[in-house]
1. Tell me, what ³J(HN,Hα) does each residue in the range 192-202 have, in order and in whole Hz, if you take phi through Karplus 6.51 cos²θ - 1.76 cosθ + 1.60 with θ = phi - 60° and put x for Gly and Pro?
2. Assuming R0 = 41 Å, what is the FRET efficiency of ALA167 and ASP213, from their Cβ-Cβ distance, to the nearest 0.05?
3. Take the Cβ-Cβ distance between CYS23 and TRP68 as r, set R0 to 35 Å, and report the resulting FRET efficiency rounded to the nearest 0.05.
4. Using packing as a proxy for protection, rank 102-109, 49-56, 66-73 so that the peptide with the highest average count of other Cβ atoms within 10 Å comes first.
5. Which shape class applies to the range 113-189: rounded if a/c is under 1.5, otherwise prolate when a/b exceeds b/c and oblate if not, where a ≥ b ≥ c are the square roots of the Cα gyration tensor eigenvalues?
6. Explain nothing, just the number: relative contact order of the range 96-142, from Cα pairs under 8 Å at least 6 residues apart, as a whole percent.
7. Rounded, prolate or oblate, given the Cα gyration tensor of the range 193-247, with a/c below 1.5 counting as rounded?
8. Using the structure shown, select from LYS115/LYS265; LYS163/LYS251; LYS115/LYS242; LYS200/LYS265; LYS113/LYS200 the pairs with a Cα to Cα distance greater than 32 angstrom.
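Please treat every number below as a calculation from the coordinates, not as lab data. Computed from a prediction, not measured in an experiment: that's the story for all the values here. Reconstructed Cβ throughout: ideal geometry from the backbone, glycine too, with neighbour counts over all protein chains shown.
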Amino acid sequence: MKELLAAMLLLAPAAPKAPTAPCPVTFTDVAPSVGLRFLHVRGATPAHQLPETMGSGIAWLDYDNDGWMDLYVVQSGVFAPGRDPGHRTGDTKAQDRLFHNNGNGTFTDVTEKAKLRDDGYGMGAVAADYDNDGFVDIFVTNFGRNILYRNNGDGTFSDVTAKAGVAGSGWSTSAAFADFDGDGFLDLFVVRYLDYSVEKNYFCGDRASGRRDYCHPTLYPAISNLLFHNNGNGTFTDISEKSGISAARGKGLGVVVVDVDNDGKPDIYVANDTTMNFLFHNLGGNRFESNAVFPLIFNTFGHPFGNLMCFIPERQIFNREIKVFMSDSNRVDDPFPSSARNQVEAPCPIKIGTAIRDGVVYVPKARSIRPAVR
């Protein structure tokens, strides 16, 4: 396997901008007025469990095939001391919500009616018709047991996680459905973040006073992702090791599936936190070749602190210029830079991928320049 070269972003000081006309397109937050009433609860505790630093995700789907997109919103809930992730608590603050699109600009909360009962510590969600019955199903990633909801076609869902064999383990963040082997059934790729558990919550903070703080993710080991093959009968088989996926360990937060070399087989790109990103090249036959790609976002000290996740248009991947907007806290000891501090616009006119040979993307090396903070 040829080595995949990767490039760091060229971060140059931004030039002063000329005055521009007002943007012709504006957006107004209408969520409360149209029935989308939801408040994410992260459940902060004195123990400062690392999952408390995360937000959650959503999934748009037309679950009842009426032609209008409905909305599934993931909740986290109170991270109670001793809470056993993956087991239902009955805590209404931890309940995910499903909003039905009424087709007139409003939404109705149909969570109870749809028989959705996920009160796990939620991270993300993805919707797809995994059993080819014409109705979109939902997969939810949690800290702990993940959940697969089968759409019954009558406005309700059933938790088929155990039967399907996709509960997974650890701290799952994102997921993607795709037919990786071309058999007509959607397989499932699950991204995991860290080798972390409630028992592994190290002490970080001031030992003299006993005041805890959140530990930096670099203190915890990386972990492999999961790949489940769809057997076509409502069940899945974990092929993470057999496929080569488990050979790469990272700290995943996002995933996108795209055929990078136009060979008809979907490949997988995983955005990792503080470690190199992954490009899993699909070799066919449920086998993948793992390539490491340098993190695409660095702070002003040259340390990776995040990742860049893009939606990549098919057949428009290569020789494209991109702009990157990054946040910078200007503090070396701040593990969680806030975008509310200093916004750094890095107009990076870099070209991604100048050539492709043997299914490997070759990217020219680039230099890194400290961006100006303004």
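1. These are the phi-based 3J(HN,Hα) values: 10, 8, 9, 7, 9, 8, 4, 6, 9, 6, 4 Hz.
2. Values: r = 32 Å, r/R0 = 0.77.
Computed FRET efficiency for ALA167 and ASP213: 0.80.
3. Details: r = 28 Å, r/R0 = 0.79.
With a Förster radius of 35 Å, E is 0.80.
4. Details: 102-109: 12.9, 49-56: 19.1, 66-73: 16.0.
Output ranking for 102-109, 49-56, 66-73: 49-56, 66-73, 102-109.
5. Details: a/c = 1.97, a/b = 1.09, b/c = 1.80.
Oblate, because a/c is 1.5 or more while a/b does not exceed b/c.
6. Details: 58 pairs, mean separation 13.3, N = 47.
Reported as a whole number, the value is 28 percent.
7. On the way: a/c = 5.95, a/b = 3.18, b/c = 1.87.
Prolate is the answer for the range 193-247, as a/c is 1.5 or above and a/b outweighs b/c.
8. Working: LYS115/LYS265 36 Å; LYS163/LYS251 28 Å; LYS115/LYS242 36 Å; LYS200/LYS265 39 Å; LYS113/LYS200 38 Å.
Those over the limit are LYS115/LYS265; LYS115/LYS242; LYS200/LYS265; LYS113/LYS200.
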